[in-house]
1. Between a residue in region 121-134 that is without any contact (Cβ under 8 Å) to a residue 24 or more places away in the chain and any residue that is of a type in the set (Val, Ile, Thr) and part of a helix (DSSP H, G or I), which pairs come within a Cβ distance under 9 Å, given they are 6 or more apart or on different chains?
2. Quick check: anything in region 51-60 open to solvent by 20 Å² or more (accessible area, probe 1.4 Å), farther than 28 Å from Arg132 by Cβ and within 22 Å of the chain's Cα centre (by Cα)?
3. Within region 61-70, how many residues are of a type in the set (D, E, K, R) and either closer than 15 Å to Glu7 by Cα or buried (at least 17 other Cβ atoms within 10 Å of the Cβ) (or both)?
4. Could you give me the residue pairs with C-beta distances under 8 Å whose first residue belongs to region 78-89 and is of a type in the set (S, T, N, Q), whose second residue is assigned to a loop (DSSP other than H, G, I, E, B) wherever it lies, and which are 6+ apart or on separate chains?
5. Scan region 51-78 for residues that are hydrophobic (A, V, I, L, M, F, W, C) and either in a helix (DSSP H, G or I) or at pLDDT 90 or above (or both) and jot them down.
6. Which ones in region 101-123 are closer than 16 Å to Ala48 by Cα and in a helix (DSSP H, G or I)?
7. Is it the case that region 97-117 has a residue that's of a type in the set (Val, Ile, Thr), farther than 27 Å from Thr9 by Cβ and touching a residue at least 40 places away in the same chain (Cβ under 8 Å)?
8. Given the conditions (1) in contact with a Gly (Cβ under 6 Å, 6 or more places away or on another chain); (2) of a type outside the set (Gly, Ala, Ser); (3) closer than 15 Å to Thr107 by Cβ, report the number of the one that Thr88 does not fulfil.
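The values are calculated or read from the model by the stated rules, or taken from the named source; none is laboratory data. The shown structure was predicted, so the numbers you read here are calculated from the model rather than taken from an experiment. For neighbour counting, all protein chains shown are included, and Cβ atoms are generated from backbone atoms with ideal geometry for every residue, glycine included. These area figures cover heavy atoms from the full protein model, side chains too; ligands, DNA and RNA do not enter into them. Shrake-Rupley method; radii C 1.70, N 1.55, O 1.52, S 1.80 Å.
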Amino acid sequence: MPNLVNELTVKEYEASFKDAEGLVVAAFAGLTVVESEALRGKLEEHGAGFRMVRTKLARRVLADKGYEFPADVLEGSTAIAYGDAEATIGAAKILTEPEVKKAGKVTLRAGVLEGKVLDSSEAAALADVPDRNTLNAMMLGTLQGPARGLVGMLQAPYGSLVRVLQAHIDSEGGAE
C-alpha cells in the first residue's frame with residue numbers, strides 16, 4: 001500500500017502542474033528561508049508558482065504529463081517554477097538574474113515550454129526572450145516603419161521644390 005503522504009504530495013503536484021504551459025527545473029543548495037521567500041515573492045509577481053519538490057514523486061507526475069527528463073535533472077535539492085508561457089519566461093529571467101547567479105545557490109537544470117522539453121542551456125535562453133510589452137513595441141515599430149518611410153518619400157519632392165524656390169528668392173534679394 002502506497003504511503004498516504006506520498007499520495008497527497010502527488011495529488012498536489014498534479015494540481016500545481018495541471019494547467020502549466022511551462023516550467024523551469026532548478027537545483028538549489030543552501031538557500032536560506034529568507035532567500036527562498038524573496039525568490040518565491042519575485043516569481044509570484046511574474047505569475048509563476050514555485051515549489052520545492054520530492055524528485056522521485058515529481059519525476060512520476062511529470063512523466064505522466066509526457067515530460068521525460070534525463071536522470072540528473074531531477075535529483076538532489078530541486079525546485080520547479082511553473083505557470084503560463086509568460087510566467088515561465090519570467091521565472092527563467094529571475095532565476096538567471098546576476099545576484100541569483102552570483103550567490104551560486106540556484107542553477108537551471110531543464111525546462112518545459114508549451115510541451116517541449118528544454119535542456120539547461122535552452123531553459124537559460126528563455127531569460128533572453130523579451131516580455132510581451134517589449135514584443136508589442138517591437139511589432140508596432142516594424143509596422144510603422146514602412147508607413148513612416150512612405151510619408152517621408154511622398155513629402156520629399158514638395159520639400160525639395162520649396163527649398164529650391166526659397167533659395168531662388170534668397171538669391172534675388174529676399175521676399176520684397
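1. Pro130/Ile89
2. The first filter runs over region 51-60 and keeps only residues open to solvent by 20 Å² or more (accessible area, probe 1.4 Å), leaving 51-52, 54-56, 59-60.
In the following step, the residues that additionally are farther than 28 Å from Arg132 by Cβ were identified as 52, 54-56, 59-60.
Those still in the list that are within 22 Å of the chain's Cα centre (by Cα) too: 52.
Checked region 51-60: at least one residue is open to solvent by 20 Å² or more (accessible area, probe 1.4 Å), farther than 28 Å from Arg132 by Cβ and within 22 Å of the chain's Cα centre (by Cα).
3. Initial filter on region 61-70 (of a type in the set (D, E, K, R)): 64-65, 68.
Subset that is either closer than 15 Å to Glu7 by Cα or buried (at least 17 other Cβ atoms within 10 Å of the Cβ) (or both): 64.
Adding up the residues that qualify gives 1.
4. Sorted first by the residue in region 78-89, then by its partner, the pairs are Thr88/Ala20; Thr88/Glu21; Thr88/Ala48.
5. Answer for region 51-78, where residues must be hydrophobic (A, V, I, L, M, F, W, C) and either in a helix (DSSP H, G or I) or at pLDDT 90 or above (or both): Leu57, Ala58, Val61, Leu62, Ala63.
6. Residue satisfying the conditions is Ala123 alone.
7. Taking region 97-117 as the starting set, the residues that turn out to be of a type in the set (Val, Ile, Thr) are 100, 106-107, 112, 117.
Filter once more, so that each one left must be farther than 27 Å from Thr9 by Cβ: none.
No, region 97-117 contains no residue that is of a type in the set (Val, Ile, Thr), farther than 27 Å from Thr9 by Cβ and touching a residue at least 40 places away in the same chain (Cβ under 8 Å).
8. (3)
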